[in-house]
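All remarks here apply to the structure that follows.
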Amino acid sequence: MTTPEAEQPQSDGPQPRPEERLERAVRAAEQALIEFEIAVETFRVEVENFSRLHEQRLGPMYARLEELDAEIAEAKAARTGDPADIRAAQEARAQVAPIPGVEELMHGWMDGGGLFPEAVAMLTEQSVRPPERVRPSEEARKLYRELARKSHPDLAQDAAEVDRREEFIARVNAAYARGDEALLRELAAEWAAGPVPPERRPSPSEELYARLEWLAERKELLTIVAKELEDGPIASMLRLAPEDPDGLLEEIAGQLRTQVLEREARLAELLSQD
């Protein structure tokens, strides 16, 4: 005869908490967001470095072309006296960048850490070194990704830990932007020796849902930032030669030098007719 106890279903073990599935979803979303942030930051560093090098190498050539266009238009207007040519000359001159102020002069030559080496060399009448392209090595990328995953502020559960992680990740980002592999190794050792964050405690379902919403909003904002970077002119240039951006700059520089020579010849021809 079957007893009442025998009719009861046998449990295979402790039943999962209702929040476990939601917690797994939150953890997965956090890791996905961190990976996305790493990708966006890496791309931002590449675009920023290429933009600075582009300005240093090609900026003077573009300025020279603008000046030559203005001088050619002015020479033509002086020779013909045609009102249309005079207007064209005035418009061309207006396109030439005005003499910059101190703040504009310093743009591109200094940051929060002070003057760039190129600016120091110019001010001290030393030889100006050619601009260096900062491209983090594969090892630096690997170290950065590992540190970003381990120390990301979004993984903290209390305000003090958030502050500690934010200060640390700011230093990691700065080292990565400079491609400083040695400093990234030091930071990795520092993090390994630091305090271990407390284990994540189960959160109420409402808090987990709010966390998921925040992660989704953060991802949307990063998507906007990524799109703005991708749609910019510098990123468009990078896509033309992702494996050899320096070669692309040299190719463009060659084209600009040819245009400068052509305009100089045209200006000389106009001036010789006076």
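The values are calculated or read from the model by the stated rules, or taken from the named source; none is laboratory data. In this text, all values refer to a predicted model and were calculated from it rather than measured experimentally. All Cβ positions, glycine included, derive from the backbone under ideal geometry; neighbour counts span all protein chains shown.
All conditions in (1) within 30 Å of E91 (Cβ to Cβ); (2) modelled with pLDDT of 90 or more; (3) surrounded by fewer than 16 Cβ atoms within 10 Å (Cβ to Cβ) hold for G59, with the sole exception of (2).
Go through the range 142-178 and give me each residue that's small (G, A, S) and part of a helix (DSSP H, G or I). Spell out the reasoning first.
Step one: list which residues in the range 142-178 are small (G, A, S), which gives 148, 151, 156, 159-160, 170, 174-175, 177.
Of everything in the range 142-178, those that are small (G, A, S) and part of a helix (DSSP H, G or I) turn out to be A148, S151, A159, A160, A170, A174, A175, A177.
Before we move on, is A28 small (G, A, S) and either in contact (Cβ under 8 Å) with a residue 24 or more places away in the chain or assigned by TED's automatic domain parsing to the domain that holds A253 (or both)? The answer is yes for A28. Looking at the range 161-182 only, could you name the residues that are touching a residue at least 12 places away in the same chain (Cβ under 8 Å) and under 24 Å from V47 (Cβ atoms)? Those that are touching a residue at least 12 places away in the same chain (Cβ under 8 Å) and under 24 Å from V47 (Cβ atoms): E166, I169, R171, V172, N173, A175, Y176, A177, R178, G179, D180, E181. Between R87, R164, R93, R200, the distinction of being over 20 Å from the mean Cα position of the chain (by Cα) and at pLDDT below 85 belongs to R200 only. Flag: R178 matches the condition of being in contact with a Pro (Cβ under 9 Å, 6 or more places away or on another chain) and not assigned by TED's automatic domain parsing to the domain that holds L212. The requirement of being out of contact with any Leu (no Cβ under 9 Å at 6 or more places or on another chain) and either assigned to a helix (DSSP H, G or I) or assigned by TED's automatic domain parsing to the domain that holds F50 (or both) is satisfied by L261.
Would it be correct to say that G232 is of a type outside the set (A, V, I, L, M), surrounded by fewer than 15 Cβ atoms within 10 Å (Cβ to Cβ), within 28 Å of A63 (Cβ to Cβ) and without any contact (Cβ under 8 Å) to a residue 12 or more places away in the chain? No.
Among the conditions (1) in contact (Cβ under 8 Å) with a residue 24 or more places away in the chain; (2) closer than 30 Å to Q157 by Cβ, the only one that F50 does not satisfy is (2).
In contact with a helix residue (DSSP H, G or I) (Cβ under 8 Å, 6 or more places away or on another chain) and at pLDDT 85 or above: is that true of A216 in this structure?
Numbers: in contact with a helix residue (DSSP H, G or I) (Cβ under 8 Å, 6 or more places away or on another chain): yes; at pLDDT 85 or above: yes.
For A216, the condition - in contact with a helix residue (DSSP H, G or I) (Cβ under 8 Å, 6 or more places away or on another chain) and at pLDDT 85 or above - is met.
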